[in-house]
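Written out below as structure tokens is the structure these notes cover.
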Amino acid sequence: MTPIQAATSAETEAIEEMLTVSGYSKTAINYYINKPHMGQIPDADIISEMTGTCGDTMGIYIKMDNGVVGDAKYQVMGCAGAISAAMAVVDLIKGKDLDFARSIDDGTVYKVLQEIPVKKHHCIQLAVKTLHKALDTHRLQRSA
Ligand code: FES
């Protein structure tokens, strides 16, 4: 199997250009290229997974620290919209309590991303729904 290689700067520039033309803001593009919160947290306290109607899948991993989100990551098998939205969600919830995390909606994430193509707005919904599902499951488990 061929190892995955990092994109060259020329390839990265080509991706940036393509996404800019498609209607992604610089912020959304940076989230997609750098993927600052992509991965898993092995000892996460809250985990959930969701598949969108498009077939893209993502999982969220949240590690709590003294009543607030200490760390969070998303594992995303999906498009640039899904990845940028998921990364933005993590920046929104880190250091915040779960009530604040539950209050995040599509509009909150869209404001952070500033601009993504209209046909990609459902990708934001997938990131938010995955977060909400994780928080709802966690709440149910704690009240059981
Ligand atoms: Fe499926 Fe973006 S196309 S989440």
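Starting from the range 67-96, take each residue that is within 16 Å of residue 125 (Cβ to Cβ) and of a type in the set (Phe, Trp, Tyr) and list its partners that are outside any strand (DSSP E or B) and within 16 Å of the ligand (Cβ to nearest atom), counting only C-beta distances under 6 angstrom and pairs at least six apart or across chains.
The qualifying pairs are 74/86.
Return the only residue of 59, 107, 55 being at positive phi and either surrounded by fewer than 21 Cβ atoms within 10 Å (Cβ to Cβ) or touching a Cys at 6+ places or on another chain (Cβ under 6 Å) (or both).
On the way: 59 fails: at positive phi; 107 fails: at positive phi.
Unique residue meeting the criteria: 55.
From the list 94, 119, exactly one residue is more than 17 Å from residue 133 (Cα to Cα) and within 13 Å of the ligand (Cβ to nearest atom). Which is it? Write out each step before concluding.
Values: 94 fails: within 13 Å of the ligand (Cβ to nearest atom).
When all the criteria are applied, what remains is 119.
Given the criteria among the β-branched types (Val, Ile, Thr) and away from the ligand (no atom under 15 Å from the Cβ), does residue 47 qualify? If you could, list the steps in order and put the result at the bottom.
Values: among the β-branched types (Val, Ile, Thr): yes; away from the ligand (no atom under 15 Å from the Cβ): yes.
So residue 47 fits the description; yes.
What tally of residues in the range 51-65 results from selecting those that are within 15 Å of residue 127 (Cβ to Cβ) and more than 10 Å from the ligand (Cβ to nearest atom)?
So the answer is 4.
For residue 10, work out the one condition from (1) aliphatic (A, V, I, L, M); (2) in contact (Cβ under 8 Å) with a residue 12 or more places away in the chain; (3) in a helix (DSSP H, G or I); (4) surrounded by fewer than 21 Cβ atoms within 10 Å (Cβ to Cβ) it doesn't fulfil.
Going through (1) aliphatic (A, V, I, L, M); (2) in contact (Cβ under 8 Å) with a residue 12 or more places away in the chain; (3) in a helix (DSSP H, G or I); (4) surrounded by fewer than 21 Cβ atoms within 10 Å (Cβ to Cβ) one by one, residue 10 breaks only (2).
Would you check which residues across the range 31-44 are hydroxyl-bearing (Ser, Thr, Tyr) and away from the ligand (no atom under 15 Å from the Cβ) and list them? Outline the logic, then answer.
Start the filter on the range 31-44 by keeping residues that are hydroxyl-bearing (Ser, Thr, Tyr), which leaves 31-32.
Selection gives nothing.
Being within 16 Å of the ligand (Cβ to nearest atom) and not small (Gly, Ala, Ser) is the filter here, so list the residues in the range 66-89 that pass it. So that I can check it myself, show each step before the final result.
Start the filter on the range 66-89 by keeping residues that are within 16 Å of the ligand (Cβ to nearest atom), which leaves 74-89.
Within the range 66-89, 74, 75, 76, 77, 79, 83, 87, 89 qualify.
Answer yes if at least one residue in the range 72-91 is assigned to a loop (DSSP other than H, G, I, E, B) and at pLDDT below 95, and no otherwise. Even if it seems obvious, please write down each step before you answer.
Residues of the range 72-91 that are assigned to a loop (DSSP other than H, G, I, E, B), as a first pass: 78-79.
Add one more test, that the residue is at pLDDT below 95, and what stays is none.
Looking for residues that are assigned to a loop (DSSP other than H, G, I, E, B) and at pLDDT below 95, one finds none in the range 72-91, hence no.
Quickly run through the range 114-133 and pick out the residues that are part of a helix (DSSP H, G or I) and either over 13 Å from the mean Cα position of the chain (by Cα) or not hydrophobic (A, V, I, L, M, F, W, C) (or both). Give the steps one after another, and end with the answer.
Here is the first cut: in the range 114-133, the ones part of a helix (DSSP H, G or I) are 118-133.
118, 119, 120, 121, 122, 125, 129, 130, 132, 133, listed by residue number.
Just need a number here: residues in the range 97-113 that are more than 16 Å from the ligand (Cβ to nearest atom), more than 22 Å from residue 142 (Cα to Cα), part of a helix (DSSP H, G or I) and among the charged types (D, E, K, R).
From the range 97-113, those more than 16 Å from the ligand (Cβ to nearest atom) are 97-105, 107-108, 111-112; that's our starting set.
Cutting the leftovers down to more than 22 Å from residue 142 (Cα to Cα) gives us 105, 107-108, 111-112.
Still in the running and part of a helix (DSSP H, G or I): 107-108, 111-112.
Still in the list and also among the charged types (D, E, K, R): 111.
So the answer is 1.
Tell me which residues, restricted to the range 35-44, are in contact (Cβ under 8 Å) with a residue 12 or more places away in the chain and loosely packed, with under 15 Cβ neighbours inside 10 Å. Full working, then the answer.
If we filter the range 35-44 for residues that are in contact (Cβ under 8 Å) with a residue 12 or more places away in the chain, which is where we start, we get 35-41, 43-44.
Selection gives 36, 39, 40, 43.
The values are calculated or read from the model by the stated rules, or taken from the named source; none is laboratory data. Predicted model, so just to flag it, every value in this text is computed and none were measured. Ideal geometry is used to build each Cβ from the backbone, glycine not excepted, and the neighbour counts take in all protein chains shown.
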